[in-house]
Each structure stands twice: as C-alpha cells, then as structure tokens.
2 protein chains.
Amino acid sequence: MSAVLVIEDDDRIRLSLMLAMEDEGYTVRGAGTAEEGLRAHRAEPADTVLVDLMLPGMDGFEAIRQLRRDDDVPIVVVSARDDTHDIVAALEAGADDYVVKPVAVKELSARLRALRRRSRTTLAEPVPALRFGDLEIIPEAGEVRLAGDAVALTRTEFRLLCELADHPGRVLSRQQLLQRVWEYDTGDERIVDVHVGRLRHKIEHDPRTPRHVVTVRGLGYKLQR
Amino acid sequence: MSAVLVIEDDDRIRLSLMLAMEDEGYTVRGAGTAEEGLRAHRAEPADTVLVDLMLPGMDGFEAIRQLRRDDDVPIVVVSARDDTHDIVAALEAGADDYVVKPVAVKELSARLRALRRRSRTTLAEPVPALRFGDLEIIPEAGEVRLAGDAVALTRTEFRLLCELADHPGRVLSRQQLLQRVWEYDTGDERIVDVHVGRLRHKIEHDPRTPRHVVTVRGLGYKLQR
DNA sequence: ACGGGTTTGTCATCCGACTGTCATACCTGC
DNA sequence: GCAGGTATGACAGTCGGATGACAAACCCGT
C-alpha cells in the first residue's frame, strides 16, 4: 500500500522500527547506510523515509539533502541526539520532522500520519498534464513534450517550468522563483535569467521571441497560452 | 509578511513566544484562550498557529479540531506535557507538529519553516481583474488589456495605472502619486505628467481627449470608466 | 574510488528599453 | 490676452535582461 524506507545502521533498532511500522500497516524496506538507502529509494521510491543521523560513511544530513534534491518525499529523522543544533540542521537540510530515540511507536505513527495528511493535500494537487499550446508538461513522468516530441530538460529547467506552469499567466518574480525552484532564501537573481534562457532554447521555436516563457520587465517571468 | 497566532494562557510564556517569533521576522498575534484565538483567526487568518493544550475553558484539542473544521492552516502544539497519549491525540485532532516546553526558539523556528515549506499552498488565487470600460487590468499577470488586446506597459506606467485603479474615480495629486508609485518623498512633479502622457498614448483611443486617465486641473489625475 | 560527460552557478559584456530632465508648445479659466 | 498649469518631443544616462564562456560540482557507469 504505502512504503516506508528505514535508513538506520544499528541492526536491532532498524529491525524493531521496521517491525513496528509493519504492524502499522506499512510496507517496509530497510537500509544500513545512506548510500544504500538512496540507491533503494532511486530504484523504488518510498512514500516516507525514516532516517538516522549518525550513519557510517555519508551521514544523515547529507542523505537528506540528496533525497531532497529531486524528491519531495516526507522525511522523518529518528535520532538518539536531542540537540537543538542537530534538530535545526536536519530540518534545514530538508527533513519534515525529528523525533528522539527511543520513540513510542504510537507517536511515530501519529507523526507519520500527520505528515502524510499534510503532504497529500499539497502534492496530490499537480494536474495530470498541463498544456500550453503545443507545450505539454507531464509532472509525474518528469516529461515535457513540444508538439508531441519529448524534450530533454535538466532537473532545474524542469522544476522552473513546473513552477511557472503551476501559476499559468501569473508573473513570478525572480525572488519567488529562487525560493521555490532553488530553495534559496537569498542569492544572485541572475541565475534565474540564465536558466530561463536555457529553457527557452529548448522549448521555444524562436528563443529570441518567446511565446511561452515571457519576460515581464521589472517584475519577472510568466508562462502563458 | 506572514502571521503567527499564539494561543497560550500563561502570559509570560505567551509573551516570550511572541517575542521570539517576532525576532524571527513573523507578524505575531496572541490569544489567552481558545475561544479568543478562534475568534482572532476568523477575523484575520494567520499563516501558522501555535497552541497550548492546557487552556482555561475550551482545551487545545478542541481548539485544533475547530480550527481544522474549515481551515488548513499549519498548527503546532507547544505543550508542557511530554506524554505519548497527548501527542497522539493532538496529532490525530489535526495538529501538524508537537513540541515540548521549554523549546529552543531555533528549533521551533526551524520546525515552522519545515512545516511551511511542506504546506506552501500552490493554489492559484482567484484573479482580481479590474475593469474600466474596455480597459482591463490583471495585476498578478502584470498585464493590461484594451478591448481584449494586451498592451505593453513599462513598469512605471503599470504601477501608475494600478495606483490610479486602486482608487477609481478619486483624484490623486502628483505628490501622492510620486510617493506611492516612485516612492519619492520629494522630487519634480513633472515626472508624473510625462508618464501619464506616455500611459495615455498606450491605453487611450485618442490621447488628446482621454476617457480613462483624466486630468483634474490644479489637483491631479483620476481614473474613470 | 575513478573518470568522462553533463549540469550548474558565476561572470563579463552587450544591447535595447526605460527613465528623468528639459525646452518648448499647448490649453484653460479668468 | 495672460498666467499658471499641462502636454509633448527629444535626448542621454541608466537599468534590466540576454547571452556566451568558463570552471566547479555533480552524476553515472565502470
């Protein structure tokens, strides 16, 4: 039904977590290292990830960042360390929640439900396929078609396009795009220009006179038609 | 920018929470009882709600349920009780997170950020298009249409038009326009004339006899339908 | 762990559009 | 007709956006 991935190096804890989650009705997979976990998730994406922070090799923070790079899956840190600094760092890295071991199974389960409730409402929204004239965007397939032909976009270009497509006809400022696509709170806004340029070269018939990704001088960019 | 509502009966704790949140850049409001909090939220919805569980009168659980009845606002419980049963009950009632007092401000702040990132509403808001006869202003698209055809305005022209449109039929002095459009406290009022002229050339059928942007001799300009 | 190809962010630079200023012409109410 | 207020056209400086080059970071299969 819905799959949980447990990344935890201590075999005993991992197994007990997995058992507990299984009892709650989840399909469960486990991984002993961050690398293994990432690979497993790439092979078959989970619906929720539980991750420890202290792992051999790549640590949990880095694992979270890598997961978050191109996935919106709910991530809950399950760590032995009850330390503000760790908690903040993990959440900043992209985790959604942080619980301290040992944790009551009932609590973990309730937190997962709360998180999944929250994620579903925002994630289930994206429309199956978006059309803008001859431009077709299939978000879940990560695919874009131009007059029926698939176009190869990079991750950043795709996210940029999706963000614009989520608000058709509406101007998004460079600042907004930076925050939503790059998750930067601050930074050089020019990178947006550069990527818009690259995107245009791929999806506009004539990049010099864009018909889809339109510049609104002084305000930002918008996607139209 | 974004508003936090703190519902907590202990004055000291409420104030310290509010101060902390203010430091983090939020606009903050407080309430001492659940009833008061619900009323405040109805009057002016917050973007995030912090709520205690033990409140005089209606308790926190019920407050959460009532909030959830018709609102998707992120809710974080800030409680003194570190009890699995309470945590589960609060999350089941509709809370998104549960932290135990005393909580590090940095942690609370990080949890709020994580939650807001997750709940970022991607719902396209209704289009508040303004109409003045055949003139149509779509602020969020940065677009102006004249009899259905898009008109290319510069940023200054657009802001000027929006400012006039925000007060239909009302005369705005050059001084007011300077302040609101140019954000000048002082300066040559003639700039306004020049830009009004340019604007007219773009949105008036006959710029010599303007029908929309009208001069009121000695006072300023106004926009009419 | 390694290495080649890809993607990404930064930068310098170019170009055109926009802006403010001014001089001048125009208009309106008295 | 006069005077104060308003409109307009020209102009040069400035600003914002586009682009190509480049190096670092990243990703992937080996």
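The values are calculated or read from the model by the stated rules, or taken from the named source; none is laboratory data. Being a predicted model, the structure only gives us computed values, none of them experimental. Here Cβ is always computed from backbone atoms with ideal geometry, including for glycine, and neighbour counts include all displayed protein chains.
Here A:Arg12 meets each of (1) out of contact with any strand residue (DSSP E or B) (no Cβ under 9 Å at 6 or more places or on another chain); (2) in contact (Cβ under 8 Å) with a residue 12 or more places away in the chain with one exception, condition (2). Inside region B:73-92, residues that are within 30 Å of the chain's Cα centre (by Cα) and within 10 Å of chain A (Cβ to nearest Cβ) make up a count of 5.
For region A:79-100, residues that are away from DNA strand C (no atom under 16 Å from the Cβ), touching a helix residue (DSSP H, G or I) at 6+ places or on another chain (Cβ under 7 Å) and either assigned by TED's automatic domain parsing to the domain that holds A:Gly142 or not in a helix (DSSP H, G or I) (or both) total 6. In summary, helices (runs of 4 or more DSSP H) completely within region A:126-209 and bearing 1 or more residues that are of a type outside the set (Asp, Glu) and either more than 14 Å from chain B (Cβ to nearest Cβ) or surrounded by fewer than 12 Cβ atoms within 10 Å (Cβ to Cβ) (or both) occur at A:155-165, A:190-203.
Each row is one residue, and each column tells you yes or no for (1) closer than 23 Å to B:Arg113 by Cβ; (2) among the charged types (D, E, K, R); (3) within 14 Å of chain B (Cβ to nearest Cβ).
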residue	(1), (2), (3)
A:Thr48	yes, no, yes
A:Asp52	yes, yes, no
A:Glu62	yes, yes, no
A:Arg116	yes, yes, yes
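Of all residue pairs spaced 6 or more apart or on separate chains, those with beta-carbon atoms under 6 Å, a first member in region B:196-210 that is more than 16 Å from B:Cys162 (Cα to Cα) and a second member that is loosely packed, with under 12 Cβ neighbours inside 10 Å are B:Pro207/B:His201. Could you list, in sequence order, all residues of region B:22-39 that are surrounded by 19 or more Cβ atoms within 10 Å (Cβ to Cβ) and more than 26 Å from B:Lys106 (Cα to Cα)? Scanning region B:22-39 gives a single hit, B:Leu38.
Residues that are within 13 Å of DNA strand D (Cβ to nearest atom) and more than 21 Å from B:Leu130 (Cβ to Cβ) within region B:183-206 comprise B:Glu183, B:Asp188, B:Glu189, B:Arg190, B:Ile191, B:Asp193, B:Val194, B:Gly197, B:Asp206, listed in sequence order. Looking only at region B:81-102, residues that are in contact with a strand residue (DSSP E or B) (Cβ under 7 Å, 6 or more places away or on another chain) and not aromatic (Phe, Trp, Tyr) come to 12 in all. Residue count for region A:210-225 under the criterion of being more than 23 Å from the chain's Cα centre (by Cα), at the interface with another protein chain (Cβ under 10 Å from one of its Cβ atoms) and more than 9 Å from DNA strand D (Cβ to nearest atom): the result is 1.
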